[in-house]
Amino acid sequence: MSPEMLYTASTWVLPVIIAITLHEAAHGFAAYMLGDSTAWRLGRVSLNPLKHIDPFGTLLLPAMLLFLRAPFLFGYAKPVPVNFSALNHPRRDMVLVAVAGPATNIVLATLAALLFHLVALFPTEAALWLAQNLRNALIINVVLAVFNMIPLPPLDGGRVAVGLLPNALALPLARLEPYGVMILLTLMLFAPILGAQMGVDLNIISRLISGPTEAILGVILRLTGNG
């Protein structure tokens, strides 16, 4: 691996690990506070990245996409186990547990934007490296929050939809959970390739998340004095 690629990787690894670790820990902590101690007993309410890292989903897959210069960066951690029936109010609290992860990412993105104001205090080379880390942290956390709010189980947005929709719609949506990851991978990896062969834009996921991502980034930058 060239020095340039090592440098680029060094500006992505830390933001990705922090974003995913705190996202998953937030789910576990919210579940614990709302009555389910499953994640707590298994040691998953932790800031230790090793408790949450999936070797393929957290490290290898994002690295491959970065190396291949993919138009998006995608990764995942080991999901935090939640026993929804143990929650104080299962349907309502399922929504709160699901929202806890993306909400944490928005907080992290805002913090990264605020820290931009301290970059000038560092020596030039360190400042450039820090600024790139903060920029990547801002983008990664917002993308992770928006992506996870896609209303398809097992993503957080799917859990929110199942919790809020009437049973007639919630139950069929919940039944998609075993196939959710396959549906996502098909839409993300194979649909764009097929669309390119047909001369049609089938990059559905990118188009679905690009608008909300840009809007949230704009709001955060303005609120933190970077806009």
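Since every read-out is calculated from the coordinates, none of them should be taken as a lab result. Since we're looking at a predicted model, the values are computed, not measured. Glycine also receives a Cβ, built like all others from the backbone with ideal geometry; neighbour counts cover every protein chain displayed.
Listing for the model above:
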quantity: Which label in (1) 70, 43, 24; (2) 56, 48, 35; (3) 66, 39, 21 gives the computed Cα extents along the principal axes in Å; calculated: (2)
quantity: Angle between the chain longest axis and helix 90-115 axis [Cα atoms, degrees, rounded to 10]; calculated: 10
quantity: Contact order normalised by residue count of segment 88-227, Cα under 8 Å, 6+ apart, percent; calculated: 25
quantity: Distance from segment 134-156 to segment 99-129 (C-alpha centre basis), Å; calculated: 16
quantity: Within the chain, longest stretch free of exposed trypsin sites (Lys or Arg not before Pro) [DSSP loop, at most 14 other beta carbons within 10 Å]; calculated: 70-174
quantity: Anisotropy class of segment 161-227 from Cα gyration tensor, a/c 1.5 cut; calculated: oblate
quantity: Estimated FRET transfer efficiency when R0 is 25 angstrom, pair residue 7-residue 182 (beta carbons, to 0.05); calculated: 0.10
